[in-house]
Each structure stands twice: as C-alpha cells, then as structure tokens.
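Read the structure below first, then the notes.
The values are calculated or read from the model by the stated rules, or taken from the named source; none is laboratory data. These numbers were taken from a predicted model, which means no experiment stands behind them. Glycine also receives a Cβ, built like all others from the backbone with ideal geometry; neighbour counts cover every protein chain displayed.
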Amino acid sequence: MSAVCTEFTIPASQSLAKVSAALKQKFTLVDQSSEHLDIQCLDSFDWRVYRKKASIEVTTHGKVSQLCWRKQRSSQCLYYAETSGKIDFAWDLPASRLRDLLSRVLSVRALLPQLELRVRRRYLNKLNKDKKTVLRIVLHEYELLHPATASYKKLQKRLEIVPVKGYVKSYKQVLDFIEGELCLPKSEEDILIIALNALGRQPADYSSKGKCVLQANMPATAAIASLLKQMLQVMAANEQGILEDIDSEFLHDYRIALRKTRSALKQIKDVFPQRELEDLQLQMNWLGSVTSPARDIDVYLLKFPGYRQMLPAELQQHLEPLQALLLRKKRTAYKNLATVLKSKRYADFQNQYWEFLHAPVAQRAELVNAGRAIKSVADERIWKVYKRALKEGNAIQDDSPAEDLHELRKTCKKLRYLMELFQSLYGIKAIKPLVKELKGLQDNLGEYNDLHVQAETLKEFAMEMEKQSALSPETQQAMSLLIRHIEELQAEERAHFANRFESFSSKEVKHKFRRLFKPVKVNNELDACAS
Amino acid sequence: MRIIASYNIKGGVGKTASVVNLAYLCAQEGYKTLVWDMDPQGAASFYYRIKPKVKGGGRRLLIKKHALEDAIKGTDFDNLDLLPADFSYRNLDLFLEDNKKPRQRLRKILLPLVTQYDFVFLDCAPSISLTSESILYAADIVLVPTIPTTLSLRTLHQLLKFCEKNDITSMRLFPFFSMVDKRKDMHRMIVSNPPKTPEPILNSWIPYASDVEKMGIHRAPLGSFAPNGPAAKAYQALWQEIKARVLSKVS
C-alpha cells in the first residue's frame, strides 16, 4: 500500500529521456515496464466522483473495459473493476469494491464521458540491496483529445514519485534530488483539471442547489429574481439529460428547481406584481403536471429492486410483468415529456419567464415587500411557515386521518424549499442541522404518503395488467403480497411519526429555529427601512 | 477487517508458505491486506525481501500506541503490506504476561487497523504457548495446515482438545492438508478419508511441490513467478474455498 504520491510538472523544454537519465545516474533504478493508454475520464453530470477528490478512468482492451478509481494528484489505481458490458451505472459493474464504492457515490446517477486522454507511461523502481522495491517513479506524457478537431494535442509531462510504506528515507532522497537538482516544480492541479481547463471547462460547474449568495440587505425583488434565475439555469441545464433519458436525476433536479420556483413565487408575496405572475404561475402548474407521470414511473422503477426483495424468493420472478409494464409506461411518459420540452408553448414560456426575471427592478418598487431587505422578508416567511408546521404537527393525534399528515407534509416541503433557497443568508453551518431535523420529519411523512400512493397505484396497475391479460395467477399473488407488505410498512411508518415530530418540536430545535429565523420587531424594521 | 491466522503446534507444515501465497492472492483481488510475520525466524519477511527488524522490538508493539502502524512496510505488490518479524518475538510470551489481559492483547492492538485493511494474516511460530493462545483469541478464523501423516493428525487432535479445554471455539479452526505427496500411500489414504473434525477439513489441499521451495530463491509468492504451476493453482483453489466456505461463517 502506498502513502501519498507527489507529482511534478516537467517543462515542455525538458525531455523525459533527459530526466530519466539524470535520475538513473544518481540512484539505482530498474526499468520496469512502459505502457501507452487511451483513457476516458468519466463522472456523473453533477461531478460526484470529482467532489470525492477522485477520478474514474476507463481503458479499453478489445471488448474488455478496465475501470480504475484513482485519487486526484496520483495515477495510482485504488479500486479496480473489469467488464465487457456497458458502464452506465454503478450496478452495471461486476461485484467488486469499486462497484460498492461507486454505488455509494453515484447512487442512481449515470456515468458520463467527460474527456479523453492519451498517456505514455514509463515505470522505474528504486531497489535496495535485497532487490526490494523501496520507491516507484512514474513518468507520464499526456495528450488531450480536442473534440472539435478530433485530434490529440500535447498536454503535459509529469513525474510522479510513489513512496513505499516504511521506506521514508528513499522517498526523501529522491524528493530532495528532484526539487534541488532537477528543479522540477510540484504539479499544482490534477491532470483532469488541467485537461478540462485546456478545453475551456471547469469541473463541478453544475450544482442542483445553485451557488447564489445573497446579502442580508439586498432588496427583496433583486434577491428573489437572482435566486429564480439560478433555478431557471438548473432547469435549462437538465433539459438535455431528460430528452436523452440519461438517468432519473435530470428530471428530479428539474422538478425540484421548478417546485422551488413555484413555491418562492407563491409564498413571498408583494415582491412581484400579481398580474405579471398569474400567467407564469399557470404555465408552471402546467409544467408541474406534465412532468409528473415520468417522475412517478421513475420512482416505481427505482423502487422495483426493493419490491422484489419484499417477496419470498419463489415469487420474485413473477413480478417481472410489472417491471415490463413500468418500462413501457416510462417510454411513453418520456416521449410525451420530450414533446412538451420541444413544444412552442414551452419555448414561449421560457422567453416570457426570462423577460419577467430580467425586467428592471424600478418598475416594481412600489410593492410592499419589493424594496425591503431580503433577510427580513425571508425571516418573516420562514418563521410563519415554521410556526404553521408546529401547529399542524401538534394537532396530529394517533387517530388523526391521513389527510392531516399530508397537509403537514406539504407545509414541511414549503419550509424546506424556503430554508434551502435562502440558506446563504443564514450560513450553511447554522442552517444545516435544522434542515437535517426537518428532513428527518419529512422522510417519515414522505414515506408514509408515498407508501399510501404506491399501494393504491399498484392496485391500479394490477387492474390494468388484468385487462391486458398480463396478470397470471402467480403475478397476481406476487402483487397482492407486495401491496399487503406496503400497507404494513405504511402502518409502521405512521407509528414512527410521534417520535419524529417530538424530535422536530423539541425545546432545543425550537430554540435554534427561533434564534435563526424569528423576525425582529416590526417597528424596528420599519424604522430601519425609513432610515 | 478479518483476521486469519495460519497456525499449527508443529513446525515445517507450510504455515508461512500458506500465508505468503494466500495473502498475495487476497491482495491481487483488490483487498487491502496485511501480513504479520510473528515467527522470530522471519521466513515470511524473507520471502517478501523485507528486513526482519522492528524498531523497539515486540515489547514496543504491544505497549506503544501507533507502534504497530509505524512498523508496517509496503511489499513489492499492490495492496499488500507486511509487519516484519523481529528476533525479540521469541520473548513475546514474556511481553504478553506483562499485560493485564494477555490473551486479549493481540486483538486489541490489531483493531485500530480496521480502517486500513480488509484482511490481516498472522503467520505464527510453531509451539503452544501464551502467544499461541493470544493468536487463537485474536483470529476470526484459524487455518491449520496439516501434513497427512499419523503424527500430524495427532497434533491436530491435541490442538482441538486444547481449544476445547480453554474455551476457544473450535468452530473457527479450519484444517487443510498441506505438503501432500501423492506418491505416498499414507498421504493418499488420509486425504481421501479425512478424520472428523468440528469443522470438516477443507477440500482444497496443497501438493508437495518444488515451486514452493523455489519461493526461497525468487523471494516472492508463487503467483508472481509460477502462477500456472500446480502449487499456485492449489493455493488459488484454497483461497476461493476459504472465501466461499469459511469467511461467510464468521461475522
């Protein structure tokens, strides 16, 4: 196992042969092997591997693809897998540590090609008197594929020293020589970043949450417009992924950005003129409803492996007709969705909404909240919705109807969107524990509601399959058992509500909410505005 | 992290060769692997070309925090490290006696490595002593290389009795035949009719092969210089059986 590697950049004017000769003159080095590789770098759309300070590299040998997880600033492969099949998702890989790791990191996200490198590598080993390797040196010569011209261009030459655990002296000797005698500078960036920059790109340039930082005293109109612009960007960034049906997260992120937008426009009143909003809100409601069927089917398909596990082994295979039905429905839903995203109505909505967000602020200044500091507007709204959530939650008893929990779920969703939209006003550190607390409650309410909807929808699917003569007695038995199991889970989830809400409404959490969001007295605020 | 010991009261039964080759195969599969050469003779360290020397000796390893981690050396193979032997290990019994709970000490000092390694292989010295007892307690499973002869089976029986007497669950002891010479009637007979043990003797057996002796010349595991020889293949089969049959039984 190796300790931390060190990489140096070899100036374009210096040849690898010259560097290698100088090292060989000074130390006992043995040429190991050399290799010439075409490497494809993969990552998810939202750069989940990069955010873990790693990179996934694929080399192809005939029909076999070798995948390697390496830490940034090192070419050493930490986890490895081989496959002759497709590599879109973590679950496509054969059972291995890499698959386990990627499953955790990527979850349901697909791997996408980000760039292609060509590298020539030479390996030199430093041996001791027992001919034991005490240090490894790797010389890299990188070229980058420029997609526009479909040609490789020289990128960088690097020298990497890979220490062997327990042989620090050798590492120090070589390090001193490279820095002192060869005067090579340490590489400041990983080769992936150098390559992306050479293509005019930045890694991690997408985030579903956005990076908008608000100032507490910004006028509300401008602040909310900038948040909404960002949400619009998130929606636009995900459109292509939805059209290509790359993974379910594109649509999920798109819908969350849309729902945050709808929530902000509906909840923060008197920032924009109502007459300007009316048509936009109608269009957004339409978008919400036309994106729903595809998302619903995505959810069922994501849950499908779990459904199988709920059944005894002998019945699991009989659930396949349900999967076939879901896949058919998905194809139709995504086809319909693509028609919507390519429609004139959608293009018109985008133009109208863009113009709305970019309209001069002055036109809206007369509205009550338009000129107020965004912090006080956000405080007021978050505090109000939080109090409503507490009130609704406190009213729920063990025998309360499902509708009451559903209402609380909707209120909690609104609260969550508000907290996330305005998080930069409160600081991530302060708001994160409260979001976590809220999420705990939301998970319980969401699961309870979802299980209820799932049981009902599965009953509908079963009827549909019966009409299509796709419901054999075994499949009927499997689905009945599944529905019963889901109903039992729903009852269990209901029983957990009291504990979850108790935690959310604890004295300590209340105190934190009060400290962070409770608005200062109205009079003081008016005074502040007046001054 | 799983701790696998290779142990037998008898010497010269293939304990070290088993550890060196099984650990190599384990590391080749991508598992982070550590071998602790606990035998003062330092044969495993020799095979991996690493000096059998530990700073501060065995006593320091047992009492000093991080001493174990600091003494680890990287081998020439990916994912495979070695904690070398030291001549002072001959006094490991004495050092253990200085501790409050000597039988639990080895497991206690190995546990901090849990985040770094998937498997730790212990290459134990022959004999039956406090150190052996401590190893039997520390290991999740104990592999017992056994030559198919009457005397070796007698020793295996002694070991099983010892475990029973000392409340060490013999369900973690997995004997397998080692250094099997198919030219010998007795070897053939015992391998085909193995004695009954609490855990049945593993199906895979290691042949008596010149390749294993050549490990001393190459100073490397079989997989690196004779991967297609009968002995390397036998170790491969043994490792697959250990994973499939043995590791699934221990939590």
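A few notes on this one:
- Among the residues of this structure, B:TYR48 does not count as one that is within 14 Å of chain A (Cβ to nearest Cβ), surrounded by fewer than 24 Cβ atoms within 10 Å (Cβ to Cβ) and closer than 30 Å to A:ARG70 by Cβ.
- Condition check for B:HIS66 on (1) within 30 Å of B:GLU241 (Cβ to Cβ); (2) within 14 Å of chain A (Cβ to nearest Cβ); (3) modelled with pLDDT under 90: one failure, at (1).
- Members of the range A:490-508 that are under 28 Å from the mean Cα position of the chain (by Cα) and surrounded by fewer than 17 Cβ atoms within 10 Å (Cβ to Cβ): A:SER503
- Considering residues of the range A:200-234 that are in a helix (DSSP H, G or I) and among the β-branched types (Val, Ile, Thr) only, the residue nearest to A:SER44 (Cα to Cα): A:VAL234
- The lone criterion from (1) surrounded by fewer than 24 Cβ atoms within 10 Å (Cβ to Cβ); (2) more than 14 Å from every other protein chain (Cβ to nearest Cβ) left unmet by B:THR16 is number (1).
- Scanning the range A:24-72 for residues that are within 30 Å of A:VAL234 (Cα to Cα) and assigned to a loop (DSSP other than H, G, I, E, B) yields A:SER44, A:PHE45, A:ASP46, A:TRP47, A:LYS52, A:LYS53, A:GLN72.
- Matching residues, the range A:172-186, being within 20 Å of A:ARG121 (Cα to Cα) and either surrounded by 13 or more Cβ atoms within 10 Å (Cβ to Cβ) or small (Gly, Ala, Ser) (or both): A:VAL174, A:LEU175, A:ILE178, A:LEU182, A:LEU184
- Number of positions in the range A:1-21 that are farther than 14 Å from A:LYS157 by Cβ, small (Gly, Ala, Ser) and more than 14 Å from every other protein chain (Cβ to nearest Cβ): 1
- Here the condition is being part of a loop (DSSP other than H, G, I, E, B) and surrounded by fewer than 17 Cβ atoms within 10 Å (Cβ to Cβ); of A:PRO113, A:PRO94, it holds for A:PRO94 alone.
- Those helices (runs of 4 or more DSSP H) of the range B:1-63 in which at least 1 residues are under 13 Å from the mean Cα position of the chain (by Cα), considering only elements entirely within it, cover B:15-28, B:43-47.
- Scanning the range B:25-43 for residues that are in contact (Cβ under 8 Å) with a residue 12 or more places away in the chain and within 14 Å of chain A (Cβ to nearest Cβ) gives B:CYS26, B:ALA27, B:GLN28, B:GLY30, B:TYR31, B:LYS32, B:THR33, B:LEU34, B:VAL35, B:TRP36, B:ASP37, B:GLY42.
- Where helices (runs of 4 or more DSSP H) fall wholly inside the range B:144-227, the ranges with 2 or more residues that are in contact with a Gly (Cβ under 9 Å, 6 or more places away or on another chain) and either within 14 Å of chain A (Cβ to nearest Cβ) or surrounded by 14 or more Cβ atoms within 10 Å (Cβ to Cβ) (or both) are B:210-218.
To keep it simple, each residue is scored yes or no on (1) modelled with pLDDT of 95 or more; (2) closer than 19 Å to B:ARG49 by Cβ.
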| site | (1), (2) |
| --- | --- |
| A:ARG99 | no, no |
| A:ARG104 | yes, no |
| A:ARG109 | yes, no |
| A:ARG118 | yes, no |
| A:ALA150 | no, no |
| A:SER170 | no, yes |
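- When we screen B:ASP81, B:ASP76 for residues that are touching a residue at least 24 places away in the same chain (Cβ under 8 Å), within 14 Å of another protein chain (Cβ to nearest Cβ) and surrounded by fewer than 22 Cβ atoms within 10 Å (Cβ to Cβ), the only hit is B:ASP76.
- If you check A:SER55, A:SER103 for being under 24 Å from A:LEU251 (Cα atoms) and touching a helix residue (DSSP H, G or I) at 6+ places or on another chain (Cβ under 7 Å), only one passes: A:SER103.
- Some residue of the range B:123-133 being of a type in the set (S, T, N, Q), away from chain A (no Cβ under 14 Å) and assigned to a helix (DSSP H, G or I): yes
- Criterion violated by A:VAL138 - all others in (1) over 32 Å from the mean Cα position of the chain (by Cα); (2) away from every other protein chain (no Cβ under 14 Å) satisfied: (2)
- Of the residues examined, A:LEU441 is one that is part of a helix (DSSP H, G or I), within 30 Å of A:ALA378 (Cβ to Cβ), at pLDDT 90 or above and in contact with a helix residue (DSSP H, G or I) (Cβ under 7 Å, 6 or more places away or on another chain).
- Set side by side, the residues A:LYS169, A:LYS132, A:LYS153 differ, and just one is within 14 Å of chain B (Cβ to nearest Cβ) and surrounded by fewer than 16 Cβ atoms within 10 Å (Cβ to Cβ), which is A:LYS169.
So that you can scan it fast, the table gives a plain yes or no per residue for (1) away from every other protein chain (no Cβ under 14 Å); (2) in contact (Cβ under 8 Å) with a residue 60 or more places away in the chain; (3) basic (Lys, Arg):
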{"residue": "A:TRP47", "(1), (2), (3)": "yes, yes, no"}
{"residue": "A:ARG73", "(1), (2), (3)": "yes, yes, yes"}
{"residue": "A:ARG97", "(1), (2), (3)": "no, no, yes"}
{"residue": "A:GLN114", "(1), (2), (3)": "yes, yes, no"}
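- Condition check for A:LEU327: surrounded by fewer than 17 Cβ atoms within 10 Å (Cβ to Cβ), closer than 23 Å to A:THR475 by Cα and touching a Ser or Thr at 6+ places or on another chain (Cβ under 7 Å): no
- Number of the condition not met by A:SER103 [criteria: (1) more than 11 Å from every other protein chain (Cβ to nearest Cβ); (2) buried (at least 16 other Cβ atoms within 10 Å of the Cβ)]: (2)
- Verdict on A:ILE396 being farther than 12 Å from A:LEU445 by Cβ and not acidic (Asp, Glu): no
- Unique residue being under 22 Å from the mean Cα position of the chain (by Cα) and either closer than 17 Å to A:LYS335 by Cβ or surrounded by fewer than 14 Cβ atoms within 10 Å (Cβ to Cβ) (or both) when the list is A:SER263, A:SER292: A:SER292
- Among residues of the range A:415-449, those that are touching a residue at least 12 places away in the same chain (Cβ under 8 Å), surrounded by fewer than 16 Cβ atoms within 10 Å (Cβ to Cβ) and farther than 22 Å from A:LYS391 by Cα, counted: 1
- Only residues that are under 22 Å from the mean Cα position of the chain (by Cα) and within 14 Å of another protein chain (Cβ to nearest Cβ) were counted in the range A:80-95, giving 1.
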